[in-house]
Structure formats: C-alpha cells, structure tokens
Amino acid sequence: MSSLLKTHDPSEMNGLDFDVEKIRQDFPILHQKVGSKPLIYLDNAATSQKPQCVIDAVEKYYREDNANIHRGVHMLSERATDYYEGARKKIQAFLHAKHAHEILFVRGTTEAINLVAQSFGRTNLKAGDEILITHMEHHSNIVPWQLVCEQTGAVLKVAPINDRGELILEEFRKLLSEKTRLVSVVHISNSLGTINPVKEIIAMAHNQNIPVMLDGAQATPHVPIDVLELDCDFYAFSGHKLFGPTGIGVLYGKEKFLDAMPPYQGGGDMIRTVTLEGSTYNQLPYKFEAGTPNISGAIGLGAAIDYLYQINFSLATRHEEELLHYAQDKLAAINGLRMIGEAANKISVCSFVIEGIHPHDLGTILDQEGVAIRTGHHCTMPLMKRFGVPATARASMAFYNTLQEIDSLAAALRKAQEVFA
Ligand code: C6P
C-alpha cells in the first residue's frame, strides 16, 4: 500500500526520541536569514511551517496523480480519489471519529463553523432561542453566530472569563437553559493559550441535551484529540495550523446531526439527482462537499498527520511545555511587561504588552532582529476589550522552536525597550 494511503492506529504514536535539532531539519523554511539574523519563527498560532514530507506529498500529487475525483473511470481519477479518501481516513483515525463519513473537508475552521451555523443553525433556531459561546472566542466563532441570530431572531449568550483568562465554569453553567440550542466553544484560545475544560463543558451541556461544537484550530497542533472520548458533537480545525497546507480544514460532526442537516452549498458532487423541478442530495460526506474540493490540500494534510505519528507527538508536546515555562520565566524578568493570559492550563502561547511601546512597534523591531511574532487583536476584539488593551504582542511556539530562540526573543524585547527608552 502506498504511504499516502496508510492509515494509523493512534496508539502507534511513539516513534523516535524527540530531538529538536533533528526535527528542524525536516522544515526547510526555518533555515534562512532575515537580513543578517537567523529567522526565529514564533508565529505558529497564525500558521505553522510545513515539513518536507508535506511539500513532497503535494508536489507528487501534481506531478504524478492530478485528476478530478469521484467523476472519472480513468486511472488518474481513481488514484486521486483513493488518495483523497485515504486522507479522510487518516483524519478519522487522528480524531478518533467513529466513521470516515463524519469527516467533512472544508477550507478551514472558519468555513466549518459557518457550515454549522448556516446548516444546523438555520434549521434548528427560532426567535428567542440561545447559542452559548465564551468571551475568549475568535471572530470565526462569534460572527457566524451573529449572522444566524440576525436571520432567525436567536440570541447569542457569552460566558465570562476571569482575569487569568480562564472560563468561569459556574457562570457558564448558569447560562445553560432550556432555551440553549447549541454551545460553541474554543478548545484552546489563540490569544491567551488557555486550554478550556471541554470535557466538563460538554458534560454540563449534554446533561441538558444541548449539542456542543468545539473550535479546535489551536488545539489540534498541541494536544491529542479524541472526539469519541470528548463526546463533542462538532469539531473544527484548519490544516495550515497542523503543519499542513492552507485552504484545507475539517469539520467533524456526529452522523446523527450531519444526516439531519441540509446541504450548506449546492453544486456538483453533493447531489444524487437533479431535475429542473428539484434535486435530491448525496449521502455523507459528499452532501457537504459541493464542487471540486481541495484535493492536494487534503493529501498534504494527510501527510502532515503521518508526520506527527512519526515524530512522537507526546514528546513534542512535552518539549513545548518546556518552551512555555522557559518563555514565561524570561518574559516575567522584563520590566514593564504584562502577560495577557495566565491560565493554569495553557499551551505555548505568550501574549503580552510592554509599557510605553505599542505592540506593532514591538513587532517591527523584533522583525529587524529576525524574530517573527504576531501583533494586533488576533481576531479576538471582545477579548482585547475584556483585558483593556487594543492589541498584544504574541509569541507562539511549536515543537521545532528552541530555548535559544526564546533567549533571542527576550534579547530583542530588551533591545526594543532601549530604542523606546
Ligand atoms: N487564528 C491566529 O493568528 P482559519 O483562518 O479558518 O484557518 O482559522 C480561524 C481561527 C478560528 N479559531 C481560532 C481559535 C483561531 O486561532 C483561528 C485562526 C489565527 O490566531 C489567525 S487570526
């Protein structure tokens, strides 16, 4: 069987020992300079870099296998279809989903949430019904719900967070009511790094028969995901944050919900029959995959998942924990630096502001030192307001980052302070 078609038992997630210098060799983009300084890439929450095997899988597809899928009887079309459907099975195993047809390919987390908002939301919501989110959501998990609220008269409720950037579970519980039709919560916050207690959230909601959607954009690159164990009803993530290509993402949905939901978009491949009077729809997952999908993107994402099995994900996440603690210590030692997001349970994301320096200026000076971070509101404007800041500087680490790179970040921040002194 071709390696592109290989599926995995997730218990196989233990390969070689974790060696960060060796791992870095897999990522060609990391070995370049910004002016005279080595590139230090600390913007992984925005998008992560791609290992050579992902680049190779996409390139091989276009060189050897390119054809449209599900349509042709010729060799290339059958092969492309096999690879595309093989990628779906890899993602099924990665998420521990029960069925491959519960895995829908979409453009990314944003499209996945819009799909649920429009298909599930418009069918199940009426005036006065409620959708519950939290105060730490990305705009992608706010605006789609605002749109469906405008369309249906439903109301968006927001669970508060504390000053450390943690969800206040008791308040969340109080907001669940007989009016709540869906809970949609970020698994891990992109701006704060907070890991939400999603098992408790799901248990509380299910106790009242309320389905739960999780925004897993920041979780999939950092923690193992088991949708069956979590018992979530929908789970969304983006390929480009998981070391895969841009323009591909996944919506997992329980069969019982996806079956009952109407199509999100109409077009080729999602139909069974079409007459000029009306159409009938295809079975899952094709009902939700109208038009020619991102075939190379799905194959590249499958290759990224293969890679994660190879490197030993649990050792990689342990390395990220070390990076986080090291970075927290180094940043705490900088005068005038205020951390935004100090949850007890968090991933390797450090958002901060420094007295007297606008985050954008910090970002520009750091870039001159070769250090790439993100500055701005990170598509979480309500969260910025909650903390009373217009923007933050955010360093987000992946398993290929090193302790020396954190030293360079701290040195570059001190340099910025000297410039603005
Ligand atoms: N966050 C960041 O720099 P898309 O753009 O669809 O791949 O992902 C949207 C999205 C949804 N939820 C969360 C928690 C996210 O972090 C993101 C993307 C990037 O933080 C770009 S704003």
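The values are calculated or read from the model by the stated rules, or taken from the named source; none is laboratory data. Not measured: the values here are computed from a predicted model. FYI the Cβ positions are ideal-geometry reconstructions off the backbone, even for glycines, and counts take in every protein chain you see. In case anyone asks, the SASA skips ligands and DNA or RNA and just uses the protein heavy atoms, side chains included. Shrake-Rupley method; radii C 1.70, N 1.55, O 1.52, S 1.80 Å.
To check you understand DSSP bridge types, tell me what percent of the beta bridges within the chain (both residues inside) are antiparallel, rounded to 5.
Numbers: 30 of 48 bridges.
Of those bridges, close to 60 percent are antiparallel.
For the chain, give the magnitude of the charge dipole about the Cα centre (Cβ charges: +1 Lys/Arg, -1 Asp/Glu; no others), in debye to the nearest 20. Please list the in-between numbers first.
Numbers: 39 positive and 49 negative charges, 128 e Å.
With Lys and Arg at +1 and Asp and Glu at -1, about 620 debye.
Within the stretch 286-385, report the GluC sites (Glu not before Pro) that DSSP leaves as loop and that have at most 11 other Cβ atoms within 10 Å. Don't skip to the end; give the middle numbers.
On the way: sites: Glu289, Glu320, Glu321, Glu322, Glu342, Glu355, Glu369; in loops: Glu289, Glu342, Glu355, Glu369.
The qualifying sites are Glu355.
If the cut-off is a Cα-Cα distance under 28 Å, which lysines reach Lys287, setting aside same-chain residues fewer than 8 apart in sequence?
Within the straight-line limit of under 28 Å, Lys287 reaches these lysines: Lys6, Lys89, Lys90, Lys98, Lys126, Lys241, Lys254, Lys256.
Got a number for carbon plus sulfur as a percent of the chain's accessible area, 1.4 Å probe? The partial results should precede the final answer.
Numbers: 8950 of 17490 Å².
Solvent-exposed carbon and sulfur of the chain make up 51 percent of the total.
Quick check on packing: order 174-182, 244-252 by the mean number of other C-beta atoms within 10 Å, highest mean leading.
Working: 174-182: 16.0, 244-252: 24.9.
Order by mean packing, descending: 244-252, 174-182.
How far apart, in nm, are two points set 7 Å out from the Cα along the Cα-to-Cβ line at Val143 and at Tyr281?
2.5 nm
Using Cα pairs closer than 8 Å and at least 6 residues apart in sequence, work out the relative contact order for the chain, in percent.
Values: 835 pairs, mean separation 97.7, N = 421.
Computed value for the chain: 23 percent relative contact order.
Sorted by packing (mean other beta-carbon atoms within 10 Å per residue), highest first, where do 292-304, 94-106 land?
Working: 292-304: 24.5, 94-106: 21.5.
Put in order of decreasing packing, that is 292-304, 94-106.
Enter the mean projected area of the convex hull around the alpha-carbon atoms of the stretch 169-270, in nm², rounded to one decimal.
On the way: hull surface 32.3 nm².
Spelled out: convex hull of the Cα atoms, projected over all directions, averaged, 8.1 nm².
Tally Lys and Arg at +1 and Asp and Glu at -1 over the other residues with C-beta under 12 Å from the C-beta of Val54: what net charge comes out? If you can, show how the numbers build up before the last one.
Working: positive: Lys50, Lys60; negative: Asp26, Asp56, Glu59, Asp306.
Net charge around Val54: -2.
Using heavy-atom solvent-accessible surface (probe 1.4 Å) with all chains present, what is the largest-first order of Val198, Val73? Display every interim value, and only then the final one.
Numbers: Val198 10, Val73 130 Å².
Sorted descending by solvent-accessible area, the residues read Val73, Val198.
Of His99, Ser119, Val419, whose Cα points farthest to the positive end of the dipole of the chain (charges on the beta-carbon: +1 Lys, Arg; -1 Asp, Glu; origin at the Cα centre)?
Sorting the options by dipole projection puts first Ser119.
Based only on Cα atoms, what mean projected area does the convex hull of the chain have, in nm²?
Approximately 21.5 nm², given one-decimal rounding.
Dividing the convex hull volume of the alpha carbon atoms of the stretch 62-309 by its residue count, what do you get in Å³ per residue? Intermediate results must be reported in sequence, preceding the final value.
Values: hull volume 30.3 nm³, N = 248.
Per residue, the Cα convex hull of the stretch 62-309 comes to 122 Å³.
With a 1.4 Å probe and all protein chains kept in place, how do His360, His222 rank by accessible area, largest first?
Details: His360 90, His222 25 Å².
From most accessible down to least: His360, His222.
Hey, if you put +1 on the Cβ of every Lys and Arg and -1 on every Asp and Glu Cβ in the chain, which of Leu214, Leu147, His240 ends up farthest toward the positive end of that dipole?
Leu147
Per residue, how much accessible area does the chain have with a 1.4 Å probe, in Å²?
Values: 17490 Å² over 421 residues.
It amounts to 42 Å² per residue over the chain.
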